[in-house]
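The values are calculated or read from the model by the stated rules, or taken from the named source; none is laboratory data. Note that this is a predicted model, so its numbers are computed, not measured. We place every Cβ from the backbone using ideal geometry, glycine too, and count neighbours over all the protein chains shown.
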Amino acid sequence: MKTIEDLGELRGKRVLVRSDFNVPLDGTTITDDGRIRAALPTLQQLLAEGAKVVVTAHLGRPKGSPDPKYSLAPVAERLGELLDTKVTLAKDTVGEDARSVVGGLVDGEVALLENVRFDGRETSKDDAERGAFADELAALADAFVSDGFGVVHRKQASVYDVAQRLPHAAGQLVFKEIDSLRRATEDPERPYVVVLGGSKVSDKLGVIANLLGKADRLLIGGGMVFTFLAAQGHGVGRSLLEEDQLETVRGYLAEAEEKGVEIVLPTDIVVAPEFKADSPATTVAADAIPDDQMGLDIGPESQQAFAAKIADARTIVWNGPMGVFEFEAFSAGTRAVAQAMSDADGFTIVGGGDSAAAVRTLGFDETTFSHISTGGGASLEFLEGKTLPGIAVLED
């Protein structure tokens, strides 16, 4: 992939940057600005080089037309604060105001186009429709920098098609993401440990299948663990269970044994009668979950076991929380994994999404992890071994 340096002299050039500003909002208040902060190094580099920076991004899932609740106005304000410069928000994506705002930029200034998903062509499955939108985006710039890792697994106009129309490069964030994930998958230092959690096995099927031939240990927690326990013949009470995946999971367990890959499952589970923050929590053996209870976290014994399996690893990738970390009573398992990774001497990757949110919510120092991904879906697909369209288009 080309880097920004490969684009040559940028002073006076209009550079279109695809960032990922899909941040959580409470009304119009940004509750986690991690993705905005992650975009700063690339934007600061371009501004320092005297480029006219035009940023495009999405927020939420509008239905292909303007929706005030998904406006990037709060993002523009926060981005301006972090960059310590004015960020002008265009009132549209490629319309009259966007052209006017971009036309008015001077060297070293930045504009943010309104939510790119306000135009339905951005996510169209029709190549011609996406292409027409990409033509209009490309007309606003002289070069393109892809820096929204959270969307590189999508074949969308502002991610894929526009890169075919302009001189292009990977931004610092995308370059770091790919470099880190390749380090963890192509020739990892061993022991290589992968920690998988989250609610559903079906979300991680491709990852498990791909890593059974690569990882030394798979540690399984979160809601997905109950399908593994059920596949071993254990009752799981009212816990989340994907019955249609039982045979697949049995196949994985058999394949892991055949290949010498250690699959580590919890030996104790924190259960409660209801999915509520104040539901009374008790700890039971993983093979003795009462019929009227649901598992909401891994137990203390499992937390210690997981931490021990992480401690001596040289490469650790974590994707998915161990329990309902948003509820204090069921956050200890996720906290234990995060602490073990924070303490580890090996190369550690937190695979975006809920795992990254958990690290911040639980108050960990982000600098104690080797890499925290900004893209849960993109990092998952990379771990599955899939080709990411937004990366493939940059590799020429």
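For the range 196-246, a residue qualifies if it is within 23 Å of Phe330 (Cβ to Cβ), hydrophobic (A, V, I, L, M, F, W, C) and assigned to a loop (DSSP other than H, G, I, E, B), and the qualifying residues are Met224, Val236, Leu240, Leu241.
In contact with a Phe, Trp or Tyr (Cβ under 7 Å, 6 or more places away or on another chain) and either within 24 Å of Phe175 (Cβ to Cβ) or surrounded by 19 or more Cβ atoms within 10 Å (Cβ to Cβ) (or both): which single residue out of Ala357, Ala344, Ala336 fits that description? Testing whether each residue is in contact with a Phe, Trp or Tyr (Cβ under 7 Å, 6 or more places away or on another chain) and either within 24 Å of Phe175 (Cβ to Cβ) or surrounded by 19 or more Cβ atoms within 10 Å (Cβ to Cβ) (or both) leaves just Ala336. Restricting Ala90, Ala134, Ala73 to residues that are within 28 Å of the chain's Cα centre (by Cα), modelled with pLDDT of 95 or more, closer than 28 Å to Ile372 by Cα and small (Gly, Ala, Ser) narrows the list to Ala73.
Candidates are the residues of the range 73-92 that are in a loop (DSSP other than H, G, I, E, B) and in contact with a helix residue (DSSP H, G or I) (Cβ under 9 Å, 6 or more places away or on another chain); the one that is surrounded by the fewest Cβ atoms within 10 Å (Cβ to Cβ) is Lys86.
Given the options Ala39, Ala98, name the one that is modelled with pLDDT of 95 or more and closer than 19 Å to Thr374 by Cβ.
Ala39
Taking the criterion of being hydroxyl-bearing (Ser, Thr, Tyr), over 17 Å from Ala141 (Cα atoms) and not in a strand (DSSP E or B), the residues of the range 1-47 that qualify are Thr28, Thr31. So which residues in the range 93-126 are among the small types (Gly, Ala, Ser) and in a loop (DSSP other than H, G, I, E, B), if there are any at all? Within the range 93-126, Gly95, Gly104, Gly108, Ser124 meet the criteria.
Of the listed requirements (1) among the basic types (Lys, Arg); (2) in a loop (DSSP other than H, G, I, E, B); (3) under 30 Å from Phe228 (Cα atoms), Arg182 misses just one: (2). Does Arg35 satisfy being loosely packed, with under 14 Cβ neighbours inside 10 Å and among the basic types (Lys, Arg)? Criteria not met by Arg35.
Of all residues in the range 119-133, those satisfying the criterion of being charged (D, E, K, R) and surrounded by 14 or more Cβ atoms within 10 Å (Cβ to Cβ) are Asp119, Arg121, Glu122, Glu129, Arg130. Residues considered: Glu257, Glu242. Of these, the only one that is surrounded by fewer than 22 Cβ atoms within 10 Å (Cβ to Cβ), over 26 Å from the mean Cα position of the chain (by Cα) and either among the aliphatic types (A, V, I, L, M) or at negative phi (or both) is Glu257. For the range 1-25, the candidate set comprises residues that are of a type in the set (D, E, K, R) and under 20 Å from the mean Cα position of the chain (by Cα); within that set, the residue that is surrounded by the fewest Cβ atoms within 10 Å (Cβ to Cβ) is Asp20. Out of the residues in the range 135-151 that are part of a helix (DSSP H, G or I) and in contact with a Leu (Cβ under 9 Å, 6 or more places away or on another chain), state the one that is surrounded by the most Cβ atoms within 10 Å (Cβ to Cβ). Residue satisfying both the conditions and the ranking: Phe149. Scanning the range 213-245 for residues that are within 25 Å of Lys309 (Cα to Cα) and basic (Lys, Arg) yields Lys214, Arg217.
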